[in-house]
Amino acid sequence: MASEEEVAEQASGTQEFVDYFLHPDRNDVGNYPDTIMLFRNAAVHYRKSPMVLPWLNNKTQRMAYYVIPRRREHLNSVRDLLVAFVGPSFAKYGYDTPAALDRPHETAILERYGAGSTFVVQATTDIAERKRLRTALERMVKMVERSPARSWSPPKPLGRLLADFEAALLSGAPQTAKALLQQIDRQGGLSPTNVKHLEIRLLTAQGRANEVLALRGLREVLLQDPPVPVKDMVLSALYTAYVEPALAEGDLFRAVDALQAPDSQFSLLADGDLLALSEQAVTVLLVGMHGRGDGAELSRSIALLDAEGRGDTIPETLASYRHQSVHADTVTAELADLESVVTTEPEPEETPGKLPLNTWADIVKAVAQGDKTAFELCRGMDVRRSDISIQLEAVSDTEMADVFADLTDPEYEAVWQYALGPFLQEITRSETFYPQALTTVMRSIVNQRCDPANLAVLDLLLELFLRTAPNTQEYTEFLEQMSIGFDQWVAPETAGQALDFVDRLAAFASPAPEVRTQTAQMLLAPLRAHARRLDEAYLCTAHSLSDELGLSLEWPERTSSESADDKPIVGAAQILIYGLDEGVLQRVQKRIVQRFPQVEVVLSAEKVASRRLKEAARNSDFSVMITQCAAHAATHCIGQYAKKVVYPRGAGSASVTHAAISALDDLAIRQQNLSSRRRR
């Protein structure tokens, strides 16, 4: 319990901070003291409700509210409060995800409360809607402060949080993964080094190579000999940031110089098993060997890669080492040694009745029983070369379904954390179809609380299931089971997920059209009942899907009181939409072009950093990146060359379209402001 002196000192510091942030010299809202009186007093004197600090820029007419939890562990609860009191009814966005705090006026908040601490609830430019938003936030502050003392919701077990983090990454929901990572960090139970591993995974999935290399504490992480996937991600970041640009110009010396720079950390990554790494990581190691002047090792490595059919990994500037003398028996022996290391490390504990790991059924059973070798095998699959499948024996759909059905709750938690991601990822890459197994996994998710991570996985399961071209019985059973939980989660706050589901149904041929229509109607009906709470992008998509499926739902044309004349018009622009599902890309392109005829939409599903992808990213006003199962080479390329990268909240075309339209609206505002300044 804090003493009276500590409480007084804290209140004094808060008063100073609030006065600084709301000062009219740096915040135009300070010119309206009567309007912000409640928020100012509550921020200093209240104890239970979150701080709410308004911010206004009269020149740009940008209005926002900075909502800061009193304690870091209350972040998730404050998110729930904002969704309940504000949601999409009164705010444009920012009520469900902490902001990056990268604007100049946000420095004071960042320094006092840290990254990931604050929600930035954005208001529209409409005066009436701004007033409603302010009233809703005032109501929230008053009610929370006056409510009886209560305990916050118990935290999730660490293992489940880790599993949800993996699931969110796999399903193309980076914002959900980021929120889970923040919760993992706050909750504790994981070493700081392992938290950094997860942060590297998240940044890599988003193609942020430079941020990986600039990560605070990266050197300490590498000194502790991290797992192969982490090494691969850092090496891939080095490839994108330093090696690839130099090699593209044929400048091998510049690539070597970049790796030898003290801040590159390459010296801590110079040793590694080439055959266990991605192509980008291998290229970096080969360049490093050349830089050390170790021609013999480089020649042997190239010969090993050739022997494994991976000779296309070798840069042209190093191809001359292929002609140097290397004895065939030496290559064969070293290849055998490498294969031995791969298959025997880490050394598993000898246990009686040890399960084989020849099929996915074997792997799932072994993970469920806590087999360390199975854990390591699943972890190793995370070095994602999305064009290469795991070489395992075939297993029937029925057997896989039975394996998942027989799992106990603790076993399922272990499988969710370690094996489910690699299993679904392998299905995504390959042509293997498991409709019954996917249905069984789907049932286990529907019966749980449908939080953002579960909904992201459910969307992926629906996509994979529909790819199998199921028969009428399989199709009907899957949709009927999935529909059981709709009433628990479909709401305006989850409009993106619901519309993604409907869009999946519309995109694939249906063996039972009446079942598809019924399921789509169940998903859209709750949204139709609260149509005024949907923003225009979601409303447009819902209207389009209703027409496409022939549903008897009438949607209002607009939910905003703004007139079309007041809204900035999107002029000529080019945007890049990247993802591996070409069907989703094409549907997104169609919707955007219909709404914005002057916008050129470039699509890419490439897995490598090609010249075309670089040019598309460089020449586009912004790039929308679907991270679901994306290849590191392509995402890093976009992150390196794009002017701006936008990440949708899901991998479905509704979420992607919404992200693109929102970014285009922001672009139109910037274009209008630039035009106004030029006229002056």
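No value in this document is a laboratory result; all are computed from the given coordinates. Only a predicted model underlies this, so the values are computations on that prediction, with no experimental measurement involved. Note: ideal-geometry Cβ built from the backbone for every residue, glycine included; neighbour counts use all protein chains shown.
Points to keep in mind about this one:
- Exposure proxy ranking, count of Cβ atoms within 10 Å, fewest first, for LEU304, LEU285: LEU304, LEU285
- A Förster radius of 45 Å, combined with the Cβ-Cβ distance separating SER191 from GLN598, puts the computed FRET efficiency at roughly 0.30.
- Anisotropy class of region 4-146 from Cα gyration tensor, a/c 1.5 cut: rounded
- Helix 295-307 vs. the chain, principal-axis angle (Cα, 0 to 90°, nearest 10): 90
- Residues in region 435-466 reached by a label modelled at GLN488 [backbone nitrogen below 14 Å; 7 Å Cα→Cβ]: 442-456, 458
- Dipole magnitude for region 477-619: computed about the Cα centre from +1 point charges on Lys and Arg Cβ and -1 point charges on Asp and Glu Cβ, it is near 580 debye.
- When the chain is described by a simple charge dipole with +1 on each Lys and Arg Cβ and -1 on each Asp and Glu Cβ, the residue from LEU158, HIS632, THR118 located farthest towards its positive end is THR118.
- Convex hull per residue volume in Å³, alpha carbons only, for region 191-341: 108
- Looking at the chain alone, DSSP beta bridges between its own residues are antiparallel in about 50 percent of cases.
- Prolate is the label for region 592-680, because the ratio a/c of its alpha-carbon gyration tensor axes (a ≥ b ≥ c) is 1.5 or higher and a/b is greater than b/c.
- For region 191-341, a crude dipole built from +1 on the beta carbon of Lys and Arg and -1 on the beta carbon of Asp and Glu, taken about the Cα centre, is about 480 debye to the nearest 20.
- Tilt relative to the chain, helix 174-187 - C-alpha long axis, 0 to 90 degrees, to 10: 90
- Long-range amide H partners of MET51 with built H, under 5 Å: ILE68, ARG70
- Among the listed values [x] 43, 30, 21; [y] 107, 22, 18; [z] 43, 31, 27, the one matching semi-axes √(5λ) of the Cα gyration tensor in Å as calculated from this structure is [z].
- Of the residues TRP416, TRP489, TRP55, the one with the fewest other Cβ atoms within 10 Å heads the list, and the complete ranking is TRP489, TRP55, TRP416.
- Under the criterion of Cα pairs below 8 Å and six or more residues apart, the relative contact order for region 49-101 equals 26 percent.
- Each Cα pair under 8 Å and six or more residues apart adds its sequence gap; the mean of these over the residue count of region 4-146 is a relative contact order of 23 percent.
- Taking Lys and Arg as +1 and Asp and Glu as -1, the other residues whose beta-carbon sits under 11 Å from that of TYR239 total -3.
- For the chain, the 222 nm mean residue ellipticity estimated from helices alone, with every DSSP H stretch of n ≥ 4 adding -39500 (n - 2.57) and the total spread over all residues, rounds to -17500 deg cm²/dmol.
- Spin-label pair ASP451-LYS590: with each label point 7 Å from Cα along the Cα-Cβ axis, the two points sit 3.6 nm from one another.
- Principal-axis tilt of helix 33-45 within the chain, Cα atoms, nearest 10 degrees: 60
- Per-residue extension of 0.36 nm, minus the Cα-Cα distance of GLN518 and ARG443, leaves a gain of 25.1 nm for this segment.
- Computed extension length for THR60-GLU308: 83.4 nm, one decimal, from 0.36 nm per residue of separation with the Cα-Cα distance subtracted.
- Difference of contour (0.36 nm per residue) and Cα-Cα distance, ASP406 to GLU138: 91.4 nm
- Residues GLU463, GLU615, sorted so that the one with the fewest Cβ neighbours within 10 Å comes first: GLU615, GLU463
- Count Lys and Arg as plus one, Asp and Glu as minus one, and take only other residues whose Cβ is under 12 Å from that of ALA258; the net charge is then -3.
- Entries of LYS178/LYS607; LYS178/LYS231; LYS142/LYS196; LYS231/LYS372; LYS59/LYS643 with Cα pairs more than 28 Å apart: LYS142/LYS196
- Relative contact order, percent, the chain [alpha-carbon distance under 8 Å, six or more residues apart]: 12
- Centre-to-centre separation between the Cα atoms of region 271-307 and those of region 75-136: 49 Å.
- Each residue of region 425-435 is assigned a 3J(HN,Hα), and the resulting list reads 5, 5, 5, 4, 6, 9, 9, 7, 10, 10, x Hz, derived from the Karplus form 6.51 cos²θ - 1.76 cosθ + 1.60 (θ = phi - 60°), x at Gly and Pro.
- With θ taken as phi - 60° and the Karplus curve 6.51 cos²θ - 1.76 cosθ + 1.60 applied, the whole-hertz 3J(HN,Hα) list for region 647-661 is 10, x, 7, x, 9, x, 5, 5, 5, 5, 4, 4, 4, 5, 5 Hz, x standing for glycine and proline.
- Under Karplus coefficients 6.51, -1.76 and 1.60, residue-wise ³J(HN,Hα) of region 226-242 in Hz, glycine/proline x: x, x, 3, x, 5, 4, 4, 5, 5, 4, 5, 5, 4, 4, 5, 6, 10
- Using the Cβ-Cβ distance between GLU376 and ARG292 with R0 set to 35 Å, the FRET efficiency works out to roughly 0.70.
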